[in-house]
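Student: I am attaching a structure below and will ask some questions about it afterwards.
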Number of protein chains: 2
Amino acid sequence: MKGKDEFAFEQPCPIRDILDRIGDQWSLLVLDALDGRTRRFNELLRDIGDISKQMLSKTLKRLEQDGFVRRTLYAQVPLRVEYALTDLGRSFLGPLQGLVCWADAHHKAIVLARRRYANGGDALADAVL
Amino acid sequence: MKGKDEFAFEQPCPIRDILDRIGDQWSLLVLDALDGRTRRFNELLRDIGDISKQMLSKTLKRLEQDGFVRRTLYAQVPLRVEYALTDLGRSFLGPLQGLVCWADAHHKAIVLARRRYANGGDALADAVL
DNA sequence: CGGGATCCATCGTGATACTG
DNA sequence: CAGTATCACGATGGATCCCG
């Protein structure tokens, strides 16, 4: 009843799963960084820039668990690991793109709404009295 | 208020803004509950079920700030407040739908990937040596 | 190089009580 | 009815050290 759904039998809404993945700070950045090319751990670290090793590690592991990313280990010295999108991961980029487009198209409206609100948006919010 | 309640405008990439909204536990549920109809505070509370008053309040305020939801106050007794989607809010439901469809279509694949991973997906993950 | 383990600060969220 | 204030706790994420 707290936070996560405990109904282990049948997921009432699959969307919750997805939301958990895209909701976190980093999954989308990682997915994007892997779009079209294979990357190593430290490459991702540098590509994304402000992610910590721990979070990158956790995020990658979760994405791998869910089948979005494939991890390939080369047992050489020094160690070498490569990450790449799976078909599932790639297919996810599609609907995601819709969201990105929407964000681009309406970002100004949102910023405006915030400014209006900050300046006492009451002039708009009440009215009915 | 600890000074942390300031408005965080100016996100580098617009998608971040959106992600913050859909990332949290409740915004989408509220948006969905408001889809097509106007609702009062306590109605939303009951509709959604497992949300607390505090979180509903915060979520609504944030959605209002961002221009997704319009709050209308009727100064009668007892107090009466109605919430409704704005055009911006409604338009957001579109791209979201794409995500929901994807989730429905691929949820089984994800569950399968998790099970495989749990059973030692290593047999699949390494291979290259 | 690619992480895991640990410590710690902050945030999100629920519960409860209180206000108008 | 429609919130807000306060407290408490667990999850989240950064920093650092450590190991194969």
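Student: Taking a 1.4 Å probe, which of A:Ile110, A:Ile48 shows the most accessible area, and what order do the others take after it?
Tutor: Putting A:Ile110, A:Ile48 in descending order of accessible area: A:Ile48, A:Ile110.
Student: Note the distances from A:Gly94 to each other copy's matching label point, with points 7 Å along the Cα-to-beta-carbon direction, in nm, sorted shortest first.
Tutor: 1.9
Student: Please give the average number of partner chain Cβ atoms lying within 10 Å of the Cβ of each residue in B:66-77, rounded to a whole number.
Tutor: Counting Cβ atoms of other protein chains within 10 Å of each residue's Cβ and averaging gives 4.
Student: A further question follows. Shielding by partners for B:85-97, please: the mean number of other protein chain Cβ atoms within 10 Å of each residue's Cβ.
Tutor: Rounded to a whole number, the mean comes out at 3.
Student: Per residue, how large is the accessible surface of segment B:1-89? Use a 1.4 angstrom probe and give square angstrom.
Tutor: 57
Student: Follow-up. Quote the total accessible area buried by chains B and A together, excluding ligands, DNA and RNA, probe 1.4 Å, nearest 100 Å².
Tutor: 4600
Student: Let me ask something additional. If you filter segment A:24-129 for trypsin sites (Lys or Arg not before Pro), then keep DSSP loop positions with at most 12 other Cβ within 10 Å, what is left?
Tutor: The qualifying sites are A:Arg37.
Student: Using alpha carbons only, how many angstrom separate the centre of segment A:65-100 from the centre of segment B:30-70?
Tutor: 36
The values are calculated or read from the model by the stated rules, or taken from the named source; none is laboratory data. No experiment lies behind these values; they were computed from the predicted model shown. Heads up, the Cβs are rebuilt from the backbone with ideal geometry, glycines too, and the neighbour counts pull from every protein chain shown. With ligands, DNA and RNA removed, areas are computed over all heavy atoms of the protein, side chains included. Shrake-Rupley method; radii C 1.70, N 1.55, O 1.52, S 1.80 Å.
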